[in-house]
Amino acid sequence: MQQNSIWQFFASIRLALVTIFLIAITSIIGTIIPQKKSLLFYQEQYGPKIAQLFEILDIPDMYGSWWFVLLLFLLSFNLVICSIDRFPAVWKIMQSDGLSFSFDRIKRMSFTHEWQVSGERSSVISELLPRLTQSGWTVRRQDTDDGTLLFSQRGVFTRAGVYIVHTSILVIFLGAIIGSLMGFKGSIYIKELDSTSRINLFSSDQSVDLGFEVSCQSFTMEFYDNGAPKEYTSHLKVIENQQVVKEQHIEVNSPLKHRGITFYQSSYQPFEEFLISIENLNSGDKKELITRFQTQEYWDEENITIGIINARARGRSIVTSKIWLKKDDQKPVTFWLDDGQQINVPELNNNYQISVKQRYATGLQVAKDPGVWWVYIGCALMMVGLYIAFFMSHRRIWLQVSEQDGSVSVLLAGSTNKNKPGFEKQFQTLIESLNPEST
C-alpha cells in the first residue's frame, strides 16, 4: 500500500504542475537578479544580509545550484513515472481491434445514426464501401451470423502526442546537462596582431585552453556623426600547428565557429598605441610597426625612422594622427593622416605607401555548447508533440449492417478522444454521404 502511494505521488499531474510552477518562478528570479557576479556586487546592490542569503541559496549561480537541478530532476522523474503509469492503457486503446466491439457497445458510442434500407445486405454493403473509401476511410470488415461490421479509424498515433512532449522535455534537459558538463562560456580580448589560445571563464577565475590559437589581424570601426560607435569588425585567423586553418571577418551578428566553439563580436578596447604599415612600392617589401605616442620606430632595411608626434581624438578613439618620417639623411617630413587612411608619400617620390591606425583589442564572447543540438531536437519534438496533442485526434467509426424483418438496418457510430465539435461536423457529412435520404 505504501509503495502504491509513493508511486501515485510521483505519477501525479499535481506534482508536475507544482514543479513546473516552481521552476517558472525561480527562472523569473534568475532573470531579474544578475547571475555570476562577485559577492561585492551583490553587497552593493542588495546589502550585506541579502547578499549573504544569496550566497547560501546559490542565487548568483542559480541555474547550476543543487536545488534548481533537483527541481529539474524531480520534473524529469515525474514525467518518466507518469508516462510509465499511463502509457500501457493508451497503448491498449491504440492496439484495440474495433471489430471485436459488441453491438451494444457500439450503440453506446457518443455519435450514432441509424436508418433502414430496402434490399439485400450484400448489395447495401457494396454501395456503402465505395462511399466510405471516397470519404477517406480505410475499412476493415467482419461478417457474422448477426450481420456485417465495418470499422475504420484515423489518427490512432495521436494518442501518443503527449508522450512525445514528455520525451522532448527530457531531451532538452539532456542537452542542458551535456552543455553544462562539457561546455563553457567565457570572454577574451585580443590586441590587433596578437594571438591567444586561452579564454577566461564567466563562471570562475579559471581559464580554458582552446586547443588552437586565435589571431586578430585587424579591427575596424565606423562612427556616427556624433562620435558614437556604429559598427565594428574583426579580422580573425584560426591557427593550428602553425598553419592558418580558417580566416573570417566577424561582426556582431556574424560569429566565427571552429571545432564546436563560437566566437561572438561583443566589445572592443582602444589603446594608446598605433599600428603603422609601410610598403616599398618598388620592391614590394612591407613592414608592420607597433608604436606608442611620441616614440620612434625603425625599419632598418629601408633606413626609415617614423613616429606619431600628435593626434586628434573623439572620446578615446583616435581619428587623425600626425606622422613624423625620416629616410636616410633626408630632411624629416610631417603630415596628418586620418585613422586607417592609406597614402603615397610625395616627399619620398611616391615610392612608399603608408597607413596608420590606432591599435584596438577586439572583445569576444566565446561559447562551446555540445548539447545545443540535443536542445534543438527536443524543441522540434516538442512542437511536433504539441501539434499532435492539441490539433489532431483519434477518430473511429463503425457501420453495423444487419437484416431485420425483410429490410436492412444500418447503424453508423463514431467516437473521438478530443475535438468533439469538429468530429460532429465530420460525422454529419459522413451520414449525408452514406444515406442521401437523410438530407
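Every residue, every condition in (1) at pLDDT below 90; (2) part of a helix (DSSP H, G or I), yes or no:
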{"residue": "Val171", "(1), (2)": "no, yes"}
{"residue": "Ile177", "(1), (2)": "yes, yes"}
{"residue": "Ile188", "(1), (2)": "no, no"}
{"residue": "Asn200", "(1), (2)": "no, no"}
{"residue": "Leu210", "(1), (2)": "no, no"}
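Starting from the range 340-364, keep only residues that are assigned by TED's automatic domain parsing to the domain that holds Ile304, then list their pairs with residues that are of a type in the set (Lys, Arg) and assigned to a loop (DSSP other than H, G, I, E, B) whose Cβ atoms are within a distance under 7 Å, requiring at least 6 positions of separation or different chains. Here the result reads none, with nothing in the range 340-364 linked to a residue that is of a type in the set (Lys, Arg) and assigned to a loop (DSSP other than H, G, I, E, B). Restricting Lys230, Lys237 to residues that are modelled with pLDDT under 90 and either part of a strand (DSSP E or B) or within 26 Å of Ser317 (Cβ to Cβ) (or both) narrows the list to Lys230.
Scanning the range 409-419 turns up no residue that is buried (at least 17 other Cβ atoms within 10 Å of the Cβ), in contact with a Gly (Cβ under 7 Å, 6 or more places away or on another chain) and either in the same structural domain as Arg131 (by TED's automatic domain parsing) or in contact (Cβ under 8 Å) with a residue 40 or more places away in the chain (or both).
Per the listing Gly363, Gly378, the residue uniquely part of a helix (DSSP H, G or I), in contact with a Ser or Thr (Cβ under 6 Å, 6 or more places away or on another chain) and buried (at least 18 other Cβ atoms within 10 Å of the Cβ) is Gly378.
Of the residues in the range 266-282, at least one is touching a strand residue (DSSP E or B) at 6+ places or on another chain (Cβ under 8 Å), modelled with pLDDT of 90 or more, surrounded by fewer than 17 Cβ atoms within 10 Å (Cβ to Cβ) and over 26 Å from Ser187 (Cβ atoms). Of all the criteria given as (1) modelled with pLDDT of 90 or more; (2) in a helix (DSSP H, G or I), the one not satisfied by Gln353 is (2).
Checked across the range 351-366, the condition of being of a type in the set (A, V, I, L, M, F, W, C) and within 30 Å of Ala176 (Cα to Cα) holds for at least one residue. Applying the set (1) within 25 Å of the chain's Cα centre (by Cα); (2) of a type in the set (Val, Ile, Thr); (3) surrounded by fewer than 17 Cβ atoms within 10 Å (Cβ to Cβ) to Ile250 leaves exactly one unmet item: (3).
Mind listing just one residue for me: the one in the range 225-242 that is in contact with a strand residue (DSSP E or B) (Cβ under 8 Å, 6 or more places away or on another chain) and hydrophobic (A, V, I, L, M, F, W, C) and, of those, nearest to Ser266 (Cα to Cα)? Selected residue: Leu236.
Residues that are touching a residue at least 12 places away in the same chain (Cβ under 8 Å) and either part of a loop (DSSP other than H, G, I, E, B) or not basic (Lys, Arg) (or both) within the range 98-112 comprise Gly98, Leu99, Phe101, Phe103, Ile106, Met109, Ser110, Phe111, Thr112, listed in sequence order. Once the range 311-350 is narrowed to residues that are among the polar types (S, T, N, Q) and part of a loop (DSSP other than H, G, I, E, B), the residue that is nearest to Lys286 (Cα to Cα) is Asn350.
Within the range 158-184, no residue that is on the phi > 0 side of the Ramachandran plot and crowded, with 19+ Cβ neighbours inside 10 Å sits with its Cβ atom under 6 Å from a residue that is outside any helix (DSSP H, G or I) and of a type in the set (Gly, Ala, Ser) at 6+ positions apart or across chains.
Do the conditions hold for Glu403, that is, is it surrounded by fewer than 17 Cβ atoms within 10 Å (Cβ to Cβ) and at pLDDT 90 or above? For Glu403, the condition - surrounded by fewer than 17 Cβ atoms within 10 Å (Cβ to Cβ) and at pLDDT 90 or above - is not met.
The values are calculated or read from the model by the stated rules, or taken from the named source; none is laboratory data. Predicted model, so just to flag it, every value in this text is computed and none were measured. FYI the Cβ positions are ideal-geometry reconstructions off the backbone, even for glycines, and counts take in every protein chain you see.
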